[in-house]
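Structure first, commentary second.
The values are calculated or read from the model by the stated rules, or taken from the named source; none is laboratory data. All of these numbers come straight from a predicted model, not from anything done at the bench. Counting neighbours? That spans all protein chains shown, and the Cβs are built from the backbone with ideal geometry, glycine included.
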């Protein structure tokens, strides 16, 4: 199985407000940057969208290391929240509907195609790839 490394980040100017996301995919010697934005969104939606859009680019099943500064994204998979949500018909432990359910469902499906390991990185720190994703996300907001 091919190995891919992905860094992602999302940003919002106000929450909700205009938002952007950025991702960098690494495959062998190949590196690809992607980004996008939305006029009215939330920070969490942008964090999830960055991961989703990056995973959607993969053309065949891959072994993926995905790095994000979003505890919301990383914990949902690493702490198995998403599996509980799915078993409970997309309801939280307090029986409320899971927010951003459509994005979570699509992400969850992609983790069944690919072997994805989520890694939490410190945001706005000395991680060059996380910083670059943040820059991509902020530029996407400027370009809306």
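Some observations on this one:
- Residues that are in contact (Cβ under 8 Å) with a residue 60 or more places away in the chain, surrounded by fewer than 16 Cβ atoms within 10 Å (Cβ to Cβ) and under 16 Å from residue 64 (Cα atoms) within segment 102-144 comprise just one, 115.
- Subset of segment 13-28 that is more than 14 Å from the chain's Cα centre (by Cα) and in contact (Cβ under 8 Å) with a residue 40 or more places away in the chain - its residue that is surrounded by the most Cβ atoms within 10 Å (Cβ to Cβ): 18
- Test: residue 106 is under 12 Å from the mean Cα position of the chain (by Cα), within 13 Å of residue 22 (Cβ to Cβ) and at pLDDT 95 or above: no
- Any hit, segment 53-72, residues being closer than 11 Å to residue 137 by Cα, surrounded by 15 or more Cβ atoms within 10 Å (Cβ to Cβ) and touching a residue at least 40 places away in the same chain (Cβ under 8 Å): no
- Selection status of residue 36, surrounded by 14 or more Cβ atoms within 10 Å (Cβ to Cβ) and closer than 17 Å to residue 135 by Cβ: yes
- Screening residue 31 with (1) surrounded by 13 or more Cβ atoms within 10 Å (Cβ to Cβ); (2) closer than 25 Å to residue 3 by Cα; (3) in contact with a strand residue (DSSP E or B) (Cβ under 9 Å, 6 or more places away or on another chain) gives one miss only, at (1).
- Residue under evaluation residue 44, criteria (1) under 12 Å from residue 137 (Cβ atoms); (2) in a helix (DSSP H, G or I), criterion not met: (1)
- Between 115, 101, the distinction of being over 17 Å from residue 23 (Cα atoms) and in contact with a strand residue (DSSP E or B) (Cβ under 7 Å, 6 or more places away or on another chain) belongs to 115 only.
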